[in-house]
1. Name the residues in region 132-167 that are basic (Lys, Arg), modelled with pLDDT of 80 or more and part of a helix (DSSP H, G or I), would you?
2. Scanning region 5-38 for residues that are among the β-branched types (Val, Ile, Thr) and more than 11 Å from residue 135 (Cα to Cα), which turns out surrounded by the most Cβ atoms within 10 Å (Cβ to Cβ)?
3. What are the residues in region 132-150 that are surrounded by 19 or more Cβ atoms within 10 Å (Cβ to Cβ) and among the acidic types (Asp, Glu), if any?
Amino acid sequence: MPKRVIVMNFDANAKAFQAFSEVKKLHASRGIKGEQMAVLTHTDTGVHQFKIEDFLDFTGSNKTSTGGLIGMLVGILGGPLGIMLGWFGGSMIGASRDAKEIQNAQVLFEHVGQQIGVGDTGLLLLADEDDNRSLNQLIMQELGGDISRFDYDEVETEIEKAKEVEEQARVRAQEDWKNSHDQNDTQNETH
């Protein structure tokens, strides 16, 4: 049973909340085996941020929206690395009305920023899927949304890499800042 990170987007924000409710029912009827799910809004405050509007931990382990993979993903997207690498611009993946099986999880970061555009609301789901037909039927046929699937392990690896790069960039920025001020201090002392 492959574990997936599933991104869903819709033509109307209210459909993301409807999908959240319907996916809970699908999980209860064993149509999918969910782990975590979140409704995300891509805020339009001039800074790219994702706000978790609603969150559910299906496992009962009471993870918060910030404690699991969804929280880490949202943190990276809205963090300095997401902004520096421009994961909110371009059109790396076109929107089409079919389920996408995306092999390279690295594109997830840009994909989420593209599919859940500024001012839009979408749904993220971590789930094991034996059969994707019930979720496809609900999201694409009944709600008119799009679905993109990513391999969970690949996404987890990419998140770890992103966290490492973000830390390296932070350390480098601190060093550059300190060095630039040390140079200014030296120049001021010679004048």
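1. Taking region 132-167 first, the residues basic (Lys, Arg) are 133, 149, 161, 163.
In the following step, the residues that additionally are modelled with pLDDT of 80 or more were identified as 133, 149.
Across region 132-167, the qualifying residue is only 133.
2. Filtering region 5-38 down to residues among the β-branched types (Val, Ile, Thr) leaves 5-7, 23, 32.
Of the ones still in play, those that are also more than 11 Å from residue 135 (Cα to Cα) are 5, 7.
On the way: 5: 27, 7: 24.
Among those that are among the β-branched types (Val, Ile, Thr) and more than 11 Å from residue 135 (Cα to Cα), it is 5.
3. 146
Quick grid of which residues meet (1) at pLDDT below 85; (2) over 19 Å from residue 150 (Cα atoms); (3) more than 16 Å from the chain's Cα centre (by Cα):
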| position | (1), (2), (3) |
| --- | --- |
| 7 | no, no, no |
| 24 | no, yes, yes |
| 48 | yes, yes, no |
| 51 | yes, yes, no |
| 56 | no, yes, no |
| 66 | yes, yes, no |
| 91 | yes, no, yes |
| 99 | yes, no, yes |
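The values are calculated or read from the model by the stated rules, or taken from the named source; none is laboratory data. Note that the structure is a prediction, hence the values are computed from the model and not measured. Ideal geometry is used to build each Cβ from the backbone, glycine not excepted, and the neighbour counts take in all protein chains shown.
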